[in-house]
Amino acid sequence: MLNPKWLETFSTLVDTGSFTRTAERLYMTQPGVSQHVKKLEEALGETLIFREGKQFELTRAGVMLKAFIAEQEKLQARFLERMRNDDPHQGNLRLACSGAMAIKLYPQLLALQTQHPGLSVHLEAAPAERIRQMLMENQTDIGITTQKFDQPAIEETLLGQEALCVVVPAKANISGDDFEALSALGFIHHPDGKHYADLVLGQNFPNHYKGIEALAHRGYVNQLTQILLPVAKGLGFTVLPESVVNRFEERDSLKSLELNAPVSQSLYLSRKKHRELPKRYEAAMDIVHDAMH
């Protein structure tokens, strides 16, 4: 990398056309100016100027370096302009969250992008550990999870609570305290199935629930929008956030059990500390907070 001070000296020399005036403008000695030019020539392996008495002319390499410096100055000016002009309607919106939150947020974020086409929504549905990794590696700017990371580099804010539901077929004759009937129906497993089941079944049936492995499994689905299909067809039960259940197209085919001990999970908004988000995230944050109501 070329020394910026040498480049400044060369650029000033070209601008003034004089070693004396260059030295005066940069508060240097004339030998110091000559030394900077010599070091540049050594670094480039090229002669930059031909001296003729007190005058000089640029060589081909000198002309090229002059153009390079001018180009870099323009790039820097454009960069500073972009940095200072924080347009709320331009740029990428990078968020990562659970599949349940993605279903709630994505349509609203797309509506925002439709209103302001200069925005570009990048939303990844991922488990908590993947979201933590994305935040640490600066692959996303906002993460929404049900788990606290307790990482010194990550700032976490409680967004609110989301109810979890034990969902059975609408025609199933099962009450919220009948673990035997639930076991007989069998569990529809999914990526968050163990986490949700441990929370809800563990709290409501502490004397009977022995873990997800002890339940009869009637199937596994890794697509959030499809998990409730087998339940609607009477093939088993599952545990999911209330928002997912309420958005299911065949909601009338489902029933959420009334539990003796209703369970909600905390949702946390996470972001890197000391990284100020651009203004375009203000509207996205409003969408996230609205989704919690």
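Residues with beta-carbon under 14 Å from that of residue 119, excluding residue 119: net charge, scoring Lys, Arg +1 and Asp, Glu -1? Let's see the in-between values first.
Numbers: positive: 94, 279, 280; negative: 86, 87, 141, 282, 286.
Charge balance in the 14 Å sphere: -2.
Could you order the peptides 243-252, 210-219 from most to least packed, using the average number of other C-beta atoms within 10 Å per residue?
Values: 243-252: 15.1, 210-219: 13.2.
Ranked by mean Cβ neighbours within 10 Å, highest first: 243-252, 210-219.
Test of understanding: what is the full-extension gain from residue 210 to residue 51, defined as 0.36 nm times their sequence separation minus their Cα-Cα distance? Present the calculation step by step, with values, prior to reporting the outcome.
Values: separation 159, 0.36 × 159 = 57.24 nm, distance 8.93 nm.
Going from the current span to full extension adds 48.3 nm.
Once amide H atoms are placed 1.01 Å from N in the peptide plane, what residues at a sequence separation of 5 or more from residue 160, or on another chain, have their amide H within under 5 Å of its amide H?
267
Would you please give the residues with an amide H less than 5 Å from that of residue 219, counting only those at least 5 places away or on a separate chain, with H modeled from the backbone geometry?
189
Report the local net charge at residue 81: Lys and Arg +1, Asp and Glu -1, summed over other residues whose C-beta lies under 12 Å from its C-beta.
Net charge around residue 81: +2.
Rounded, prolate or oblate: which fits the range 162-265 when a ≥ b ≥ c are the square roots of the eigenvalues of the alpha-carbon gyration tensor, with rounded for a/c under 1.5 and prolate only if a/b beats b/c? Can you show the working numbers first?
On the way: a/c = 1.29, a/b = 1.27, b/c = 1.02.
It is rounded, given that a/c, with a ≥ b ≥ c, falls under 1.5.
Looking at the chain only, what percent of DSSP beta bridges run antiparallel? Nearest 5 please. If you can, show how the numbers build up before the last one.
Values: 24 of 38 bridges.
Antiparallel: roughly 65 percent of the beta bridges in the chain.
At a 10 Å Cβ-Cβ cut-off, how would you order 259, 267, fewest neighbours first? If you can, show how the numbers build up before the last one.
Details: 259 19, 267 23.
Sorted ascending by nearby Cβ count, the order is 259, 267.
Here are a few candidate values for Cα extents along the principal axes in Å: (1) 74, 40, 33; (2) 104, 38, 29; (3) 71, 49, 37. Which one was actually calculated from the structure I just gave you?
Only one listed value fits the structure, namely (2).
Which residues' amide hydrogens lie under 5 Å from the amide hydrogen of residue 165, considering only partners 5 or more residues apart or on another chain, with H built in the peptide plane?
Amide H to amide H, under 5 Å and 5 or more residues apart or across chains, residue 165 pairs with 240, 242.
So in the range 162-265, what percent of DSSP beta bridges are antiparallel if you round to the nearest 5? Provide the component values of the computation, followed by the final result.
Details: 10 of 14 bridges.
Once the DSSP bridges in the range 162-265 are tallied, antiparallel ones form about 70 percent.
Taking the range 1-73, which GluC sites (Glu not before Pro) meet the DSSP loop condition and have no more than 15 other C-beta atoms within 10 Å? Let's see the in-between values first.
Working: sites: 8, 24, 41, 42, 46, 52, 57, 71, 73; in loops: 46.
Listed in order of number, the matching sites are 46.
Would you work out if the range 185-224 is rounded, prolate or oblate? Take a ≥ b ≥ c from the square roots of the eigenvalues of the alpha-carbon gyration tensor; rounded if a/c is under 1.5, else prolate when a/b is larger than b/c, oblate otherwise. Please report the intermediate quantities before stating the final value.
Values: a/c = 2.73, a/b = 1.58, b/c = 1.73.
It comes out oblate by the Cα gyration axes.
Less than 14 Å Cβ to Cβ from residue 206, Lys/Arg counted +1 and Asp/Glu -1: what total charge do the surrounding residues give?
Details: positive: 210; negative: 177, 198.
Value of the local net charge: -1.
Can you spot the lysines whose alpha carbon is less than 24 Å from residue 194's alpha carbon? Ignore those fewer than 8 places along the same chain.
Within reach: 104, 148, 210, 233, 255.
No value in this document is a laboratory result; all are computed from the given coordinates. Quick caveat, the model's predicted, so the values are computed rather than measured. Quick reminder, even Gly has a Cβ in these numbers, built from the backbone with ideal geometry, and neighbours come from all protein chains shown.
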